[in-house]
Every structure is written in C-alpha cells, then in structure tokens.
Ligand code: GS8
C-alpha cells in the first residue's frame, strides 16, 4: 500500500521527471500537482520552505525534497520491486557519484549553453560535450550505466536526453557525431514505458526553453 502520494512538479523539469520515472518503475500511483513557478502555491512554500523548488514528493503528508534524494527514498520504501540502486555498497557509491556528476556538470553546463551568449556559451558548449564524452566512456559497452538493467544513473541522466535537440540548436553541433553511444543509450532508455510515458517530446522542450531564453535575454 503506497499511502497517499502527491508530487509537486512542473512538466519541463528534468528533476521532476526523475521522480516520475522512479514511481513508474515501481508501478506506484500518485497525484500530480503542476506548479506555477512564477506564482508558487502555498503548499509548495509550506512543503519546501528552504529551497522553494519542485519536485517535492509528499508521502502521507510528509515532504521529501531534492530529486535524487526523493528517488533514493522511493527505492528504499518500495524496495521489493525494480531496485534502482545496486545492493553492493561500493557500486551504490559509484552510482551516487555519477548521478551527482550529472547534476554538477550536465545540468549546469546545459543551462549555460541555453541561457548565455558569446564566450560563456561557447565555453559551456565545449564543457558539456566533454562531460558527455566522460559519461560515454563510463557507459562503455554496457547497455545501461549499471549493466543490464535500468538504474539510478540512467534515471538521473535520461531527462536530459530530451534536451539534446535544444543543446544542438543552441550550440550548433551534433550529438550523433560527438557521442553516438550516448544517443544509442538514450534511445534504448526510451524503449522503456516508464521513460517514454514520462519524458516530453524533444521539440516541445526546445520550443519552451527557446522562448524562455528569448524572454530572459530581452529583460
Ligand atoms: C533542483 C530542482 C530545481 O532546480 C533537485 O530537485 O534535484 N537540485 C534540485 N527546480 C526548479 C525547476 S526545474 O529547473 C525550480 O523549482 N525552480 C524554481 C525556483 O528556483 O524558484
């Protein structure tokens, strides 16, 4: 019995998508509440008074914040079905290292590529491609980052796969040329219903963030 589960989210958020994929992997039902981040709800401010950010998972009235912490909570509470983190402590530590790398390197350089211009944008593009190459080397010949089954690192990274089109249009490069194995990995992840049902269309993401970047630069 899952108890009462409510997810505060915003559809383009890669962080909220991680939580939705984790819940889908576990086969758990929940209620979604879409936030307007320009006018945050009293519920969001009450449930995440420190960061005031989505996603927040509210389990039987108690909030859990920060996407990777939420995913680990889900994995610990519903441990009997589709484990996301490996059992072995060393492998768990490695998985957490790479998920943290995605947050520190992919998210921040990607944001800079989309929302900046000139030299800052060029530097972000170079670093983003380098970081994806590092991830590609870590993936190696494996199907997923953890081996044969979809897990924590895949889940942390895969929402950014639907930003590839946006990154390419902002940086004028091709993922197929730079990181073909990562593209193949993304396609493989999308074959999973837990992923394909959650992730938005790449073009919808591109249109949304291109409009946002234009608005941002006009201010
Ligand atoms: C990041 C959440 C976040 O940036 C996590 O959950 O992993 N480290 C956190 N949330 C954004 C929306 S997605 O870009 C957010 O809530 N922004 C509103 C704000 O900061 O005011």
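For region 8-25, a residue qualifies if it is farther than 20 Å from residue 151 by Cα and away from the ligand (no atom under 15 Å from the Cβ), but none of them does.
Among the residues of region 68-77, is there at least one that is under 19 Å from the mean Cα position of the chain (by Cα), in contact (Cβ under 8 Å) with a residue 40 or more places away in the chain and more than 19 Å from residue 149 (Cβ to Cβ)? Checking region 68-77: at least one residue is under 19 Å from the mean Cα position of the chain (by Cα), in contact (Cβ under 8 Å) with a residue 40 or more places away in the chain and more than 19 Å from residue 149 (Cβ to Cβ). Of (1) modelled with pLDDT of 95 or more; (2) more than 12 Å from the ligand (Cβ to nearest atom), residue 2 satisfies all except one. Which? Just one mismatch for residue 2, condition (1).
Take the conditions (1) buried (at least 17 other Cβ atoms within 10 Å of the Cβ); (2) away from the ligand (no atom under 16 Å from the Cβ); residue 167 misses just one of them, which is (2). With respect to the conditions (1) surrounded by 12 or more Cβ atoms within 10 Å (Cβ to Cβ); (2) within 15 Å of the ligand (Cβ to nearest atom), residue 28 falls short on a single one, namely (2). Does residue 20 satisfy the criteria of being surrounded by fewer than 18 Cβ atoms within 10 Å (Cβ to Cβ) and not assigned by TED's automatic domain parsing to the domain that holds residue 133? Here the answer is no, as residue 20 does not meet what is asked.
Checked against (1) farther than 17 Å from residue 210 by Cα; (2) exposed (fewer than 14 other Cβ atoms within 10 Å of the Cβ); (3) in contact (Cβ under 8 Å) with a residue 12 or more places away in the chain, residue 117 meets all criteria but (1).
Evaluating residue 72 against the criteria (1) closer than 17 Å to residue 5 by Cβ; (2) surrounded by fewer than 17 Cβ atoms within 10 Å (Cβ to Cβ) leaves one unmet condition, (2).
Matching residues to (1) more than 14 Å from residue 25 (Cβ to Cβ); (2) touching a helix residue (DSSP H, G or I) at 6+ places or on another chain (Cβ under 6 Å); (3) outside the structural domain of residue 53 (by TED's automatic domain parsing); (4) modelled with pLDDT of 95 or more:
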site	(1), (2), (3), (4)
71	no, yes, no, yes
84	no, yes, yes, yes
93	yes, no, yes, yes
112	yes, yes, yes, yes
119	yes, no, yes, yes
137	yes, no, yes, yes
143	yes, no, yes, yes
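The values are calculated or read from the model by the stated rules, or taken from the named source; none is laboratory data. This one's a predicted model, so the numbers in the text were calculated from it and none came from an experiment. Please note: Cβ atoms are built from the backbone with ideal geometry, for glycine as well, and neighbour counts cover all protein chains shown.
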